[in-house]
1. Pulled fully out, how much extra length does the chain show between Glu45 and Ala100, if you take 0.36 nm times their separation in residues and subtract their Cα-Cα distance?
2. Find how much the distance from Glu33 to Lys112 grows on full extension, using 0.36 nm per residue of separation minus their present alpha carbon separation; answer in nm with one decimal.
Amino acid sequence: MKKSGSSRLDERHRESDVRMKLDGSEPLTREAEARLRALAAMPDETIDTSDIPEVLDWSDAVRGGMYRPVKRQITLRLDADLLDFFEAAGKGYQTRINAALREWVGTQRERKAG
């Protein structure tokens, strides 16, 4: 069965994810990758963390701060006055529209739960 173009693209992304990069520009050498794999396989107890202070106070921690929802590109027709309102605040209007919709969805979920 012939693979579609998107499947091949997905394979390339998976392959590129496997090839770790130090600064985002140069791929690691095979030797460096092997060293990282060996470190990842080590039990936590054998890793020397004496130069890294242990964090005991997590009161300022943010749960899910690194989470980024998957975005999908769509075509959406909005009333001109709504679009004008969001665009008037400048760059980032699509992000503001997304935030407004997310807030509305949250209130709808609360209403259904409560």
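A short reminder: the numbers here are calculations on the coordinates, not readings from a lab. For clarity, every value in this text was computed on a predicted model and none was experimentally measured.
1. On the way: separation 55, 0.36 × 55 = 19.80 nm, distance 4.62 nm.
Answer, rounded to one decimal: 15.2 nm.
2. Gain in length upon complete extension: 23.5 nm.
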